Amino acid sequence: MAKFVIKGGNQLNGKVKISGAKNSALKIMAASIMATGTTILKNVPAIDDVLTMAEVLNILGAEVNFNTAQNEIKINCNDIKAFEAPYELVRKMRASILVAGPLLSRFGEVKIAIPGGCNIGSRQIDLHLKGFELMGAENRLEHGYVYSRAISNSAKGLKRKLKGSEINLEFPSRGATENIMMAACLSSGKTIINNAAKEPEINDLANFLNKAGAKISGIGTDSLIIEGVEELKGCEYEIMPDSIETGTFIVAGALCGKKVEINDAIWDNMGIFCQKLKSMGVNLENKADKTIIVKKSKTALKPAYISTLPFPGFPTDLQPIVTVLLCTIPGISVVTENVFENRFMYADELNRMGANIKIDGHHAVITGVSKLSGAPVSATDLRAGAALVLAGLIADGTTEIYEIHHILRGYENFDKKLRNLGADIIKVS
C-alpha cells in the first residue's frame, strides 16, 4: 500500500505553482453533459477525483480525452444516452451526485445512486431534491437510488422539461446550489436561487455555463437568477486556481519556510483565511500578479480562535491544515467546526505525533507544544491527510503516512512540489 515517508526538519524555500481547482473542475466536467459539441477545459488538475469524474462521464457515453501532461481535457457528450450514475462510481466520489442536475436538465429524468456516508460527515442531498421538486420534478427513492423525473406536460414525443421556480435554500449548500443551477439552465422560464452558496468555485461554474450559452446573473451574490435556454454549446474554458491548495502551501511556508513564493494564488478568494493568519503574525504578502509570498516571521506567532463557516467565512477545508500550525504556537487556541460534524477525526493522529488537542463536541482545544515527533499515522480524509504531511515536515525524525489515496484525490504532485521547495518527502508504493 502506498505511503509518504517524510524526514522532518528541512526548511522550505523557492516557488510553487498552484494547480487548477478540484472543486471547479469536477462540477464543470459534470456541466459539460448539457453542451453539444466539444468542451475543452484547461488547467485541469491531474488528480484521482478528476479521473473518477472522467470515468463517470465515460460510463454515461461521453468521449473524454485527458492530456495529463498539458492539464487539458476534451469532453464530447453528444452520444450520451444513459441517464443513470451507478453506485460503484458514486461511492468513490460524492461529487458524482452533481451529474444529477445536468442529466435531469438534458433528459428530463435521472437515476443516481444515493451517496453513502463520508468520513467527515453526512452531506445529505435533501436540498438538491427539494430544488428539483420545486422545478417540477418528481423524486422517488428505492433500492438505494434516487429517480427524478420532470412531470411537466410537454408535447407528445418531446422530452419533459423542468420549469423555472423560486427556490429558497434552508442552508447555503454548495452542492445544492450547483446542482439546482445546472438543472435550471435548460429549463423553461426563470429560476431564482435564494440563500445560494457564494464560493468562488460556484462563480467559476456559472462563468463556464454562461460562456456555453446559459443566462445566469447575480454571480457572486446569494441570489442567483437563471433564465432557461434551449441549448448549451461546447466551449473552451480555463479552470481557476485551487484556493485550498494555496492555503495548504501558505501554512507550509508559515510552519517551516524561509521564503515561499506561491504563484497562481488568488488572495481575494481566501481573504478571511489570509487575514486570520496575518493576525496570528504570519508574514504574508499579496503581490499584484496572483502571487502570495510567505516569509519566516521575525516574531513569535500568536494563538487564535477560529470558527468555520460557508464562504466568505473561514473555509472548513483549511481547518485541519491551520490546526497543525496552531499545534506549534505557545498558548491555547480554539477551533470551532460548524460545517462537518466529524472533521476532527485527524486529531488522534496528530496527538500520536505529540500534539495536544482535546475535542469537545464541535470544538477543538489546542495547547501549543514545543515540538512534534515523527510517527506512523493514517490519513482519514483528503484534508486531514494534507495536514499530516505538513506535521511531518516539522516533526523530529521520520513520519510515515498511510492511506494516502485520500491525499491523491485532491492534490496534484503534492510530494513533488514539496520536494522542489526542499522538503524530504518520498512516495513509497
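Quick note: the coordinates plus some simple rules give every number you see, no bench work behind them. Note that the coordinates shown come from a computational prediction; the quantities given were computed from them, not determined experimentally. Cβ: placed from backbone, ideal geometry, glycine included. Neighbour counts: every protein chain shown.
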Considering the alpha-carbon set of the stretch 22-238 alone, what are its Rg and its Dmax in angstrom? 15.7, 48
So if we plug the beta-carbon distance of GLU170 and VAL365 into 1/(1 + (r/R0)^6) with R0 = 35 Å, what FRET efficiency do we get, rounded to 0.05? 0.70
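Please go through the stretch 339-429 and write out the GluC sites (Glu not before Pro) that DSSP classes as loop and that have at most 12 other C-beta atoms within 10 Å. Provide the component values of the computation, followed by the final result.
Working: sites: GLU341, GLU349, GLU400, GLU403, GLU412; in loops: GLU341, GLU403, GLU412.
Loop-located and lightly packed - GLU341.
What are the semi-axes of the equivalent ellipsoid for the stretch 130-258, taken as the square roots of 5 times the Cα gyration tensor eigenvalues, largest first, in whole Å?
Value: 33, 18, 14 Å, ordered largest first.
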Cα extents of the stretch 1-57 along the principal axes, largest first, in whole Å, come to 52, 31, 14
Residue by residue through the stretch 408-415, which ³J(HN,Hα) values in whole Hz follow from phi under the Karplus form 6.51 cos²θ - 1.76 cosθ + 1.60 (θ = phi - 60°), with glycine and proline marked x? 5, 5, x, 10, 8, 6, 4, 5
Report the normalised scattering of the stretch 1-131 as log10 I(q)/I(0) at q = 0.12 Å⁻¹, calculated by the Debye formula with identical scatterers on the alpha carbons. -0.53
In degrees from 0 to 90, rounded to the nearest 10, what is the angle of the helix 200-211 Cα long axis to the longest principal axis of the chain? 30 degrees
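Here is the link list: LYS17/LYS296; LYS22/LYS233; LYS74/LYS163; LYS81/LYS190; LYS74/LYS278. Which ones come out longer than 29 Å on Cα distance?
With Cα atoms farther than 29 Å apart: LYS74/LYS163; LYS74/LYS278.
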Cα-based convex hull, the chain, per residue volume (Å³, whole number): 129 Å³
Check ILE167: other-chain or 5+ apart residues with amide H under 5 Å from its amide H, H built from backbone geometry? ILE192, ILE193, ASN194
Could you work out the relative contact order of the chain? I mean the mean sequence separation of Cα pairs under 8 Å and 6+ apart, divided by the number of residues, in percent. 21 percent
Scan around VAL229 for amide H atoms under 5 Å from its own, H built in the peptide plane at 1.01 Å from N, and keep only partners 5 or more places away or cross-chain. LEU186, SER187
Show the residues, 5+ positions off or on another chain, whose built amide H is closer than 5 Å to the amide H of GLN11. none
For the stretch 212-227, 3J(HN,Hα) per residue [Karplus equation, 6.51 cos²θ - 1.76 cosθ + 1.60, θ = phi - 60°, Hz, x = Gly/Pro]: 7, x, 6, 10, 10, 10, x, 4, x, 10, 8, 9, 9, 10, 10, 8
Compute the long axis of helix 48-60 from its Cα atoms, compare it with the longest principal axis of the Cα atoms of the chain, and write down the angle in degrees, 0 to 90, nearest 10. 10 degrees
Short version: ³J(HN,Hα) in whole Hz for each residue of the stretch 389-400, in order, from phi by Karplus 6.51 cos²θ - 1.76 cosθ + 1.60 (θ = phi - 60°), x for Gly and Pro, what are they? 4, 5, 4, x, 5, 10, 7, 5, x, 10, 10, 10
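Report the local net charge at GLY61: Lys and Arg +1, Asp and Glu -1, summed over other residues whose C-beta lies under 14 Å from its C-beta. Numbers along the way, then the final one.
On the way: positive: LYS81, ARG106; negative: GLU55, GLU63, ASP79, GLU84.
Computed value for this residue: -2.
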